[in-house]
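One structure is given below, encoded as structure tokens.
The values are calculated or read from the model by the stated rules, or taken from the named source; none is laboratory data. Please read these numbers as outputs of a predicted model, since none were measured by experiment. When we count neighbours, we look across all protein chains shown, and the Cβ atoms used for this are built from the backbone with ideal geometry, even at glycine.
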Amino acid sequence: MHKVPHSENDLLKLIAQGDQHAYQIIFEKYWDPIYHTSFLLTRSAAVAEDITQDVFAMLWEKRSTLPAIERLEGFLFISARNIIYSRMRKLASDKAYRQYIQHCFQEQQDPGVHEQTEYRELEQTILRTIHNLSPQQQKAFRLSRFQGLQHKEIAQNMGVSPITIKSYIVQAIATLRRALANHPARSLLILWALSFLP
């Protein structure tokens, strides 16, 4: 049984050390407020969900820097706002971006030996990273991304709350991002990700 610290500063120090229980406490406290603020600014449930996941993935990825944060609530809301602004700027050049992606897909329709090798290496890296996740994260991620189950269904399957499932999946995504940050097959990464989306 975990002893719950009395202050957010204590929780941030524990998260910096990799404590998933402390992370989950913060996740459960701030998920809804960050989501609702993101929804108000974007007017899209899907985009608000993505932004909230990005905020918490970033929180886990940069956990070693968390003890320096004085006001966590402000930090999370500013992070969400910055992600929203970044997405809006990206949408301004969306047409060019879509053309670029289509060009990448056309190039990959008839992959050569080199691209097939890169794809296999990418897939092995992803599967190895998933295998190294904690058992709960691994199960939640596989049920979500490979079997297409919704968070509520996964929660019932695993006997935990849907917010806990979101926490597991966000942490898994953060771990995958770190593992794939320098992978050379960027366009193949996009194709691989799309092939597993529910």
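Among the residues of region 33-51, what is the count of those that are modelled with pLDDT of 85 or more and hydrophobic (A, V, I, L, M, F, W, C)?
Of the residues in region 33-51, 3 are modelled with pLDDT of 85 or more and hydrophobic (A, V, I, L, M, F, W, C).
Every residue in region 24-50 that is closer than 11 Å to Val170 by Cα and in contact (Cβ under 8 Å) with a residue 24 or more places away in the chain, please.
If the condition is that a residue be closer than 11 Å to Val170 by Cα and in contact (Cβ under 8 Å) with a residue 24 or more places away in the chain, then Gln24, Phe27 are the ones that fit.
If you check every pair at least six apart or on different chains, which have Cβ atoms under 9 Å apart with a residue in region 150-163 that is touching a residue at least 24 places away in the same chain (Cβ under 8 Å) and in the same structural domain as Lys29 (by TED's automatic domain parsing) first and a residue that is in a helix (DSSP H, G or I) and surrounded by 14 or more Cβ atoms within 10 Å (Cβ to Cβ) second?
Taking only residues 6 or more apart or on different chains, not a single pair turns up.
Which of the residues belonging to region 8-62 are within 20 Å of Arg177 (Cα to Cα) and not in a helix (DSSP H, G or I)?
Hits for region 8-62 are Gln17, Gly18, Asp19, Lys62.
Out of the residues in region 45-84 meeting the condition of being small (Gly, Ala, Ser) and under 18 Å from the mean Cα position of the chain (by Cα), tell me which one is farthest from Pro162 (Cα to Cα).
This residue is Ser64.
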